[in-house]
Amino acid sequence: MVVFYTLMPMLSKQCVLCLEPSHNPLPLCAPCRKDLPILKHACTSCAAPLSTNAVTRCAICQKKPPPQDFALCHFLYDSPIKQLLTQLKFQKKVAYGRLLGNLFATHLQDYYQQHPECLPEAIIPVPLSLKRMSERGFNQAERIAKPIGKELGLPILRNACHRKRHTAPQLSLPAKDRHKNLLNAFEIKNSLTLNGRPIEHVALIDDVITTAATLESLATEVKRVGVKTVTLWGVARTPLN
Ligand SMILES: [Zn+2]
Ligand SMILES: [Zn+2]
């Protein structure tokens, strides 16, 4: 019984949403977790929400296939995920990055248990520009990637890629300008290898996928250096409009 009492405080945290005890090792209680805006039907190429699972790709991807092969997001970019991501980035709530990474890791584990042939070999967190990195002090995509790498047993390639120049925040621009904003924004100097062998399948991870332009631009660069398959991972996806 001594063990029981000493373990109890470690297994429960304060829920970040309702502030009640979570009764589990994550700072999120079961009722709040159940209410999160899960992305149910989505385009397999860009993760855009779809109203039905009768089709697998959205009209845009059917018309013009994007550079990446697959895309997976866990949540809709809606309350309270939106607020957690905003506070992660702008109020340095790095614990939220860990929490969202853990939730996404569970989702990805379930998915790849059913589709083991689709599992990427390594993760690249979308890099920030040097300017934004020095303002923020950390890269939110790296914080989210960490628990995922651990749970899925995948290496995180932190320095494989960098942002060549500072770009305007994607959400601040109209959709038509977002692609232009990111054209040639990323650079990978060396081919990507793991234990001396070329990597064939990489997952690119970011906090939010908006028009997918950021990740598509990076996916193009990753393929340019010889990676055959690219999967996009985003904690949350904004609707198409
Ligand atoms: Zn709660
Ligand atoms: Zn699509």
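To the nearest 10 square angstrom, what accessible area does ASP78 show with a 1.4 Å probe?
Surface open to solvent at ASP78 totals about 80 Å².
Please compute the per residue accessible area over the chain with all protein chains in place, 1.4 Å probe, rounded to a whole number of Å².
Values: 12860 Å² over 241 residues.
For the chain, the per-residue accessible area is 53 Å².
Quote the charge dipole size of the chain about the Cα centre in Debye, to the nearest 20; the model charges only the Cβ of Lys and Arg (+1) and of Asp and Glu (-1).
The dipole magnitude comes to about 720 debye.
For PHE138, put the label point 7 Å out on the Cα→Cβ axis and report which residues of the stretch 94-125 keep their amide N under 20 Å from it.
Only 94-106, 123-125 pass the distance filter.
For LYS93, LYS189, LYS131, give me the order by solvent-accessible area with a 1.4 Å probe, most accessible first, ignoring ligands, DNA and RNA.
LYS189, LYS131, LYS93
Build a GNM of the chain with springs between Cα atoms under 10 Å: which of GLU20, GLU200, GLU142 gets the top mean-square fluctuation?
GLU20
Among TYR111, TYR96, TYR77, which one moves the most in a GNM of the chain with springs linking Cα atoms closer than 10 Å?
Checking each option, the largest mean-square fluctuation is seen for TYR111.
Could you check how much of the accessible area of the chain is carbon and sulfur, as a whole percent, using a 1.4 Å probe?
After summing per-atom areas, the C and S share lands at 56 percent.
Assuming a ≥ b ≥ c are the square roots of the Cα gyration tensor eigenvalues, decide whether the stretch 37-237 counts as rounded (a/c under 1.5), prolate (otherwise, with a/b larger than b/c) or oblate.
The shape class here is rounded.
Suppose a student asked you for the relative contact order of the chain, using Cα pairs under 8 Å spaced at least 6 residues apart; what percent would you report?
21 percent
Using only the heavy atoms of the protein chains and a 1.4 Å probe, how would THR231, THR52 rank by accessible area, largest first?
From most accessible down to least: THR52, THR231.
Given the options ILE205, ILE144, ILE81, state which has the largest fluctuation in a GNM of the chain using a 10 Å cut-off (strictly under) for Cα springs.
For the chain, modelled as a Gaussian network with Cα springs under 10 Å, the answer is ILE81.
Divide by every residue of the chain the summed helix terms, -39500 (n - 2.57) for each DSSP H run of at least 4, and state the resulting mean residue ellipticity at 222 nm, rounded to the nearest 500 deg cm²/dmol.
After summing the helix terms and dividing by residue count, I get -11000 deg cm²/dmol.
On full extension of the chain, what length is gained from LYS34 through LYS164, given 0.36 nm per residue of separation minus the C-alpha to C-alpha distance?
Working: separation 130, 0.36 × 130 = 46.80 nm, distance 4.03 nm.
Going from the current span to full extension adds 42.8 nm.
Please list the non-local residues whose amide H lies under 5 Å from the amide H of GLN14, H modeled 1.01 Å from N, same-chain partners needing a gap of 5 or more.
The answer is SER22.
Take LEU152, project a point 7 Å from its Cα along the Cβ direction, then tell me which residues of the stretch 190-214 have their backbone nitrogen under 19 Å from it.
Residues 192-195, 198-210, 212-214 fall inside that zone.
The values are calculated or read from the model by the stated rules, or taken from the named source; none is laboratory data. Note that the structure is a prediction, hence the values are computed from the model and not measured. Because the Cβ atoms are built from the backbone with ideal geometry, glycine has one as well, and the counts that use them run over all protein chains shown. Calculation scope for accessible area: heavy atoms of the full protein, side chains included, ligands and nucleic acids excluded. Shrake-Rupley method; radii C 1.70, N 1.55, O 1.52, S 1.80 Å.
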